[in-house]
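*Asks:* Before I ask anything, let me first share the structure, which is written out below as structure tokens.
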Amino acid sequence: MRELLVKYIEEVNAFVAADASEAEQFRLKFLSKKGILAGLFAEFKDVPPDQKKEVGAMLNELKNALHQKVEEMKQSFEQAEKPAHEGTDLTRPVDNFEPGSRHPLSIVRNEIIRIFSRIGFSVAEDREIEDDWHNFSALNFPEEHPARDMQDTFFIEKDPDILLRTHTSSVQIRVMEKMKPPIRMIFPGRVFRNEVISARAHCIFHQVEGLYVDKNVSFADLKQTLLFFAREMFGEKTQIRLRPSYFPFTEPSGEMDISCNICGGKGCNICKYTGWVEILGCGMVDPSVFENCGIDSNEYTGFAFGMGIERVAMLKYQVHDLRLFFENDLRFLKQFAGSV
Ligand code: DAH
């Protein structure tokens, strides 16, 4: 009987049922009233007393192995047989499925990135909480200089050195401190200013900054790059004009206007009947900014520019109130569904 038990225990442990009916046959073979297990228990009384202990233990082992196997098979076949929708009311009407859409500011940001990447600009991003050095001082804004007044922001009382960046020009500094020229990059990101919220201004907005540093970079390169951008963004017929301006970190500095894409330059209320709309600030990187970042200004020159994404989006989509970009009104946002 001992050999028989060893054989059965092995058989039970190794058994794998292909389907529920095989599992049932196995159960009947061993566990039915006239099955193998019942037969072995019946024979047990004839086992000589000195072997009873050992054979009894083996018999129990077989019994346990059988019950465990049968339970396992039951569970696995029960699960497989359960229809996937059990517990679900298939007649229930489906929930309304509305695909989302990208935010217009993301659409415009992606478009700007795409345009500049085609002429070799890569993208870098950096922190929104800045220090005075990267937002102002390294960009040649001396302390107490009136140029700072145009970019008032949010400070903390505990440490006046920490502020919310007012422009993405801070990323110029961070990149130039780390990298050696040539540098050809754009820096998109969120910026903050202490502004009264209106249709034209907000305390949060977005910018894309551009920077190109190499040997012999000239103002002509700047102008050509910006013309390429304007035509890609606003259409082939777009004209640009540069007006002299002032930024502490560029010399000379300019402001770029594009021919009004609404009236084609004839004059309308968007361009205030001038035919031109202002779109960005730009200029040649001031040598002292290079020196602040450890770049030799005798060897390298460069240009930089910065634009507001909201401003570009307002012109491109003819949005008249900047606050719409921040209010999450679905009636507004849905109009951009399908754009990428
Ligand atoms: N940082 C400027 C602003 O926020 C925009 C700007 C102007 C960026 C000229 C530039 C630049 O890089 O060259 O008003």
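All of the numbers you see were taken from the coordinates with simple rules; none came from a lab. Since the model is a prediction, treat every value here as computed from it, not as a measurement. Glycine gets a Cβ as well: all are built from the backbone with ideal geometry, and neighbour counts include every protein chain shown.
*Asks:* Go through (1) over 20 Å from Val175 (Cβ atoms); (2) within 16 Å of the ligand (Cβ to nearest atom); (3) in contact with a Pro (Cβ under 8 Å, 6 or more places away or on another chain) for Glu278 and report which single condition fails.
*Replies:* (3)
*Asks:* Within the range 125-173, how many residues turn out to be touching a Leu at 6+ places or on another chain (Cβ under 9 Å) and either within 14 Å of the ligand (Cβ to nearest atom) or in contact (Cβ under 8 Å) with a residue 60 or more places away in the chain (or both)?
*Replies:* The number of residues fulfilling the criteria is 11.
*Asks:* Pick from Glu195, Glu209, Glu177: which is surrounded by fewer than 20 Cβ atoms within 10 Å (Cβ to Cβ) and within 14 Å of the ligand (Cβ to nearest atom)? I'd like the intermediate steps shown before the answer.
*Replies:* Numbers: Glu209 fails: surrounded by fewer than 20 Cβ atoms within 10 Å (Cβ to Cβ); Glu177 fails: within 14 Å of the ligand (Cβ to nearest atom).
Among Glu195, Glu209, Glu177, only Glu195 is surrounded by fewer than 20 Cβ atoms within 10 Å (Cβ to Cβ) and within 14 Å of the ligand (Cβ to nearest atom).
*Asks:* Got a number for residues in the range 248-274 being within 12 Å of the ligand (Cβ to nearest atom) and either out of contact with any Gly (no Cβ under 9 Å at 6 or more places or on another chain) or touching a residue at least 60 places away in the same chain (Cβ under 8 Å) (or both)?
*Replies:* Let us first name the residues in the range 248-274 that are within 12 Å of the ligand (Cβ to nearest atom), namely 248-256.
Keeping just the survivors that are either out of contact with any Gly (no Cβ under 9 Å at 6 or more places or on another chain) or touching a residue at least 60 places away in the same chain (Cβ under 8 Å) (or both) gives 248-249.
Of the residues in the range 248-274, 2 are within 12 Å of the ligand (Cβ to nearest atom) and either out of contact with any Gly (no Cβ under 9 Å at 6 or more places or on another chain) or touching a residue at least 60 places away in the same chain (Cβ under 8 Å) (or both).
*Asks:* Here's something else I'd like to know. Go through the range 183-213 and count every residue that is under 15 Å from Ile119 (Cα atoms) and more than 28 Å from the chain's Cα centre (by Cα).
*Replies:* Selection size over the range 183-213: 1.
*Asks:* Please state which one of Arg231, Arg190, Arg241 is farther than 28 Å from Phe326 by Cβ, in contact with a strand residue (DSSP E or B) (Cβ under 6 Å, 6 or more places away or on another chain) and either not aliphatic (A, V, I, L, M) or not in a strand (DSSP E or B) (or both).
*Replies:* Among Arg231, Arg190, Arg241, only Arg241 is farther than 28 Å from Phe326 by Cβ, in contact with a strand residue (DSSP E or B) (Cβ under 6 Å, 6 or more places away or on another chain) and either not aliphatic (A, V, I, L, M) or not in a strand (DSSP E or B) (or both).
*Asks:* Does the range 123-139 hold any residues that are charged (D, E, K, R) and part of a loop (DSSP other than H, G, I, E, B), and which are they? Walk me through it before giving the result.
*Replies:* Restricting attention to the range 123-139, the residues satisfying the condition of being charged (D, E, K, R) are 125-128, 130-132.
Hits for the range 123-139 are Glu125, Asp126, Arg127, Glu128.
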